[in-house]
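Working notes, beginning with the structure itself.
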Amino acid sequence: MEAILGVVGAYTELIAEEENRPETVRDEQKLTEYRRRRTASQREREALDPTDSKGIARVRAQYAEQLHILRRGGRV
């Protein structure tokens, strides 16, 4: 699912940005949360049943909204 992959990519970028900050201002809580959300997104993608069209539609809508928010610079 493209939306989930987009969200995973967005969290990967956020992780990289935070890791590249000087240690004195790096926010470890953000890093932990971004990693947790990225992992949860990957697991949800892996758990999708390709025969469950309603479930796929629900997940697609959910992740499309998350991706939209992340691309605008917001945090989900």
- Message: Given the criteria part of a loop (DSSP other than H, G, I, E, B) and either loosely packed, with under 12 Cβ neighbours inside 10 Å or not aliphatic (A, V, I, L, M) (or both), does Gly74 qualify?
- Response: yes
Does Thr12 qualify as being of a type in the set (S, T, N, Q) and either touching a strand residue (DSSP E or B) at 6+ places or on another chain (Cβ under 7 Å) or without any contact (Cβ under 8 Å) to a residue 24 or more places away in the chain (or both)? no
Of the conditions (1) touching a residue at least 12 places away in the same chain (Cβ under 8 Å); (2) in contact with a Gly (Cβ under 7 Å, 6 or more places away or on another chain); (3) exposed (fewer than 13 other Cβ atoms within 10 Å of the Cβ), the single one that Leu67 does not satisfy is (3)
Counting only residues in region 16-40 that are among the hydrophobic types (A, V, I, L, M, F, W, C) and over 30 Å from Asp52 (Cβ atoms), the one surrounded by the most Cβ atoms within 10 Å (Cβ to Cβ) is identified as Leu31
The residue that is surrounded by the fewest Cβ atoms within 10 Å (Cβ to Cβ), considering only those in region 1-15 that are among the aliphatic types (A, V, I, L, M) and assigned to a helix (DSSP H, G or I), is Leu5
Within region 54-64, residues being of a type in the set (Val, Ile, Thr) and surrounded by fewer than 15 Cβ atoms within 10 Å (Cβ to Cβ) number 1
In region 41-53, anything surrounded by 12 or more Cβ atoms within 10 Å (Cβ to Cβ) and in a helix (DSSP H, G or I) is listed as Ser41, Gln42, Glu44, Arg45
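Here, each number is a calculation from the coordinates, and none is a lab measurement. If you're wondering where the values come from, they're calculated on a predicted model, not measured in any experiment. Because the Cβ atoms are built from the backbone with ideal geometry, glycine has one as well, and the counts that use them run over all protein chains shown.
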